[in-house]
1. Mind checking which residues of the range 157-181 are touching a His at 6+ places or on another chain (Cβ under 7 Å) and surrounded by fewer than 14 Cβ atoms within 10 Å (Cβ to Cβ)?
2. I'd like the residue in the range 66-106 that is touching a residue at least 40 places away in the same chain (Cβ under 8 Å) and of a type in the set (S, T, N, Q) and, out of all such residues, is farthest from R53 (Cα to Cα).
3. Scan the range 182-207 residue by residue and report those that are under 27 Å from G117 (Cα atoms) and either in contact with a helix residue (DSSP H, G or I) (Cβ under 8 Å, 6 or more places away or on another chain) or surrounded by fewer than 21 Cβ atoms within 10 Å (Cβ to Cβ) (or both).
4. Applying the selection to the range 111-148, what residues are assigned to a loop (DSSP other than H, G, I, E, B) and at pLDDT 95 or above?
5. Working carefully through the options T94, T144, T172, T111, find the one that is over 24 Å from L79 (Cα atoms), under 21 Å from the mean Cα position of the chain (by Cα) and among the hydroxyl-bearing types (S, T, Y).
6. State yes or no: is A155 in contact (Cβ under 8 Å) with a residue 40 or more places away in the chain, part of a helix (DSSP H, G or I) and small (G, A, S)?
7. Which of the numbered conditions does H130 fail, given that it passes all the others? Conditions: (1) surrounded by 22 or more Cβ atoms within 10 Å (Cβ to Cβ); (2) free of Cβ contacts under 8 Å to residues at least 40 places away in the same chain.
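The values are calculated or read from the model by the stated rules, or taken from the named source; none is laboratory data. These numbers come from a predicted model, not from an experiment. Here Cβ is always computed from backbone atoms with ideal geometry, including for glycine, and neighbour counts include all displayed protein chains.
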Amino acid sequence: MTSRKGGQTAAGTWKLGDLTVRRIGFGAMRLTGSTPFGLAEPSDRQRSLSVLRRAIELGVNHIDTAAFYFSALRSANELINRALAPYPEDLVITTKVWPGRDPSGKWWWATPEQLRGQVEENLRQLGRDHLDIVNLRIPPSRRTGSIAEHFGALAELRDAGLIRHLGISNATPEHLAEAQAIAPVVCVQNPYGIGAPDKEQGFLRACGELGVAFVPFFAIAGAGREAGASAEDSEAVRAVARAHGASTAQVRLAWTLQQGPHVLAIPGTGDPDHLVENIAAGALRLTDDDMAHLQLHHRDGE
């Protein structure tokens, strides 16, 4: 398999509003070592910085982050700022608000009036005068509720020039319709991967019909979610990987990218070798039989 920029070239690009991104991006959560959802050994600072710089060298121009991505010793936004500023002109940084964490790490959820403070926190940490894309990360308690007040507050910040484009995360089709009635939505960021339920498959297709990017997270981790990829991949994934001379992570990424040209990947890693492997997945083409086999054998898995 191609192991450098070839994967990016093969995967192609998509436009988030007026911003063109390559379809394989980078998720910054794992750069800090521990995640916001569980503790692990702190990352090596220089290694994290080198992974970010290497990602840019390999053609990544879409980075997903958040102010609440921090551990006892590391902040993802600070690492991005230190590694990449002054930022490349074509680099698109996406962040998310509504959830937050105080300095001790305790979670809290912003009121509509507090979203500006969360946006300004990201601006300070990243050292920018505006944010390219801000996703409204919807809490589980609002799965069936209105997001109009919060999304409307972000739309006002967009009108004020602090934000360029808006997206939603952990969203439903109803959320998307409600948000689009207020302001344009360029992306939906939801958990998705092999074995995703039919309703998520339908939502992905609907986003494509609307010209809205669908940005899966946990595409590699699957059921492991915040803990990362499980050591136990199914035999179906392993068999397809063997047939293509690829890793199981590459198969999962390739499967995700082949769901449609509007589907973007944001795999995260603190390992430079895994970074190269993830980019190379853009050149992996699974057959129709591979795609059907993987979905069938994971219908109840993730």
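1. G161
2. Ranking the qualifying residues of the range 66-106, first place goes to T95.
3. Pass one, the range 182-207, residues under 27 Å from G117 (Cα atoms): 182-191.
Within the range 182-207, I182, A183, P184, V185, V188, N190, P191 qualify.
4. Going residue by residue through the range 111-148, those that are assigned to a loop (DSSP other than H, G, I, E, B) are 111, 127-130, 138-139, 143-147.
Scanning the range 111-148 gives T111, G127, R128, D129, H130, I138, P139, S146, I147.
5. Checking each option against the conditions leaves just T172.
6. Details: in contact (Cβ under 8 Å) with a residue 40 or more places away in the chain: no; part of a helix (DSSP H, G or I): yes; small (G, A, S): yes.
Against the criterion (in contact (Cβ under 8 Å) with a residue 40 or more places away in the chain, part of a helix (DSSP H, G or I) and small (G, A, S)), A155 does not qualify.
7. The number of the failed condition is (1).
Yes/no matrix, rows are residues, columns are (1) buried (at least 22 other Cβ atoms within 10 Å of the Cβ); (2) farther than 21 Å from V276 by Cβ; (3) at pLDDT 95 or above:
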position	(1), (2), (3)
E209	no, yes, yes
F217	yes, no, no
A221	no, no, no
E226	no, yes, no
A243	no, yes, yes
R252	yes, no, yes
